[in-house]
Amino acid sequence: MRLDKFLKVSRLVKRRTLAKEVCDQGRVKVNGKVVKAGTVVAVGDEISIRFGQKVVTANVLRLLDHVRKEEADTMYEIAKEEQVTDSSRVDTEGEDEF
């Protein structure tokens, strides 16, 4: 399943277009690598998403094309959430690393 679709269906990100933008900005990593929206995710992958000053890391548990709102959180488990300060940001050729 494409990463942007997984983020939307699992409700980690509200809209697929927003999920694509977040990926294109380099704010999403899968298994430690910065990836694009079209990256294929599989069960067992670790996804890290930077939301402002917070990084959320989730493990993929299930891949479903359609899921009810109440069951969306069964697709992943949150491994950790951490606050990131501006002093830990490193700019490399215009891209933020986290």
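Key figures for this structure:
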| item | result |
| --- | --- |
| Subset tally (residues that are assigned to a strand (DSSP E or B), open to solvent by 70 Å² or more (accessible area, probe 1.4 Å) and touching a strand residue (DSSP E or B) at 6+ places or on another chain (Cβ under 6 Å)) for the range 18-53 | 1 |
| Tally of residues being outside any strand (DSSP E or B) and among the β-branched types (Val, Ile, Thr) across the range 54-78 | 2 |
| Ala58 being closer than 16 Å to Lys8 by Cα, at pLDDT below 95 and open to solvent by less than 20 Å² (accessible area, probe 1.4 Å) | no |
| Residue in the range 6-17 that is most open to solvent (accessible area, probe 1.4 Å), counting only those that are in contact (Cβ under 8 Å) with a residue 12 or more places away in the chain and either part of a helix (DSSP H, G or I) or β-branched (Val, Ile, Thr) (or both) | Arg16 |
| Condition broken by Ser87, with the remaining ones in (1) polar (S, T, N, Q); (2) open to solvent by 80 Å² or more (accessible area, probe 1.4 Å); (3) modelled with pLDDT of 95 or more satisfied | (3) |
| Near pairs, Cβ below 6 angstrom, 6+ apart or cross-chain, from the range 40-64 (in contact (Cβ under 8 Å) with a residue 60 or more places away in the chain) to any residue that is surrounded by 14 or more Cβ atoms within 10 Å (Cβ to Cβ) | Leu63/Met1 |
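The values are calculated or read from the model by the stated rules, or taken from the named source; none is laboratory data. Note that the structure is a prediction, hence the values are computed from the model and not measured. Neighbour counts run over all protein chains shown; Cβ positions are idealised from the backbone, glycine included. The accessibility values were calculated without ligands, DNA or RNA, using every heavy atom of the protein model including side chains. Shrake-Rupley method; radii C 1.70, N 1.55, O 1.52, S 1.80 Å.
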